[in-house]
Amino acid sequence: MKIICIGRNYADHAKEMNAEAPSEPMFFMKSDIALLRPGTPFFYPNFSKDIHYECEIVVKIDRVGKNIAEKFAHKYYSEIGLGIDFTARDLQQKCKEKGHPWEIAKSFEGSAAISGQFIDKSKLDLASIQFSMTQNTEEVQNGNSSDMLFSIDAIISYISQFMTLKKGDLIYTGTPKGVGPVQIGDELIGFIGDTKMFELKIK
Ligand code: MG
């Protein structure tokens with residue numbers, strides 16, 4: 001399975017990163033060993049001193065597709081989850097400065113946390129999915145899919161021009177503003193609407 005992540009899909013997050021909002025979807029990938037299984041703690045890695053959370057809506061692909069037209073993209077997924085795109089911000093900054101690839105900052109083991117449950121998309125208004133995350137009971141992120149620069153269907157259509165999407169692939173659709181560092185001992189809880197999607201300890 002592939003883990004595909006969209007970068008800068010919310011203007012307010014691009015702004016907080018001092019980055020320009022992209023004119024086309026921008027994506028990168030994490031390897032399968034980046035997936036942090038539900039119920040598993042996140043172990044703070046030795047190679048970074050600045051691990052950030054990025055809470056994101058996650059789409060699970062459930063049908064093989066290539067060159068998918070945007071108007072048919074809805075046929076390729078039926079469930080929506082929530083995850084965290086963990087980022088070693090200090091390493092990412094160095095990679096950016098040197099023009100190097102991002103893998104060490106984005107694709108390390110355990111860097112893609114995923115909710116245990118997914119919600120059937122028929123139960124959601126996809127154009128307005130409200131989601132949030134608390135860090136030790138304080139709300140740190142609160143976003144809505146209506147603020148995405150590129151919709152889920154536009155993202156699927158775009159990615160599928162470059163690579164065949166397969167059943168089980170996960171697409172992390174980008175984070176809204178409010179990203180920040182985690183510390184050992186933190187507890188992160190993610191919600192879609194009022195539904196608790198994940199509960200994650202940093203160890
Ligand atoms: Mg992200």
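The values are calculated or read from the model by the stated rules, or taken from the named source; none is laboratory data. Remember, it's a predicted structure, so these values are computed and weren't measured experimentally. Here Cβ is always computed from backbone atoms with ideal geometry, including for glycine, and neighbour counts include all displayed protein chains. Note: accessible area is taken over every heavy atom of the protein model, side chains too, but ligands, DNA and RNA are not part of it. Shrake-Rupley method; radii C 1.70, N 1.55, O 1.52, S 1.80 Å.
Structure notes:
- Residue within region 42-51 that is open to solvent by less than 10 Å² (accessible area, probe 1.4 Å) and among the acidic types (Asp, Glu) present: no
- Residue in region 104-112 that is of a type outside the set (D, E, K, R), modelled with pLDDT of 95 or more, surrounded by fewer than 17 Cβ atoms within 10 Å (Cβ to Cβ) and in a strand (DSSP E or B) present: no
- Only residues that are more than 16 Å from the ligand (Cβ to nearest atom) and either on the phi > 0 side of the Ramachandran plot or surrounded by fewer than 21 Cβ atoms within 10 Å (Cβ to Cβ) (or both) were counted in region 170-203, giving 15.
- Yes/no for Phe28 being within 13 Å of the ligand (Cβ to nearest atom), modelled with pLDDT of 95 or more and either over 20 Å from Met163 (Cα atoms) or of a type outside the set (Lys, Arg) (or both): yes
- Residue ID - nearest to Ile33 (Cα to Cα), chosen from residues in region 152-167 that are open to solvent by less than 30 Å² (accessible area, probe 1.4 Å) and away from the ligand (no atom under 16 Å from the Cβ): Leu165
- For region 39-77, a tally of residues being in a loop (DSSP other than H, G, I, E, B) and among the hydrophobic types (A, V, I, L, M, F, W, C) returns 5.
- Unmet requirement for Arg63, which otherwise passes all of (1) at pLDDT 95 or above; (2) open to solvent by 50 Å² or more (accessible area, probe 1.4 Å); (3) under 22 Å from Ile192 (Cβ atoms): (3)
- Residues located in region 1-20, provided they are assigned to a loop (DSSP other than H, G, I, E, B) and either exposed (fewer than 14 other Cβ atoms within 10 Å of the Cβ) or within 13 Å of the ligand (Cβ to nearest atom) (or both): Met1, Arg8, Asn9, Met17, Asn18, Ala19, Glu20
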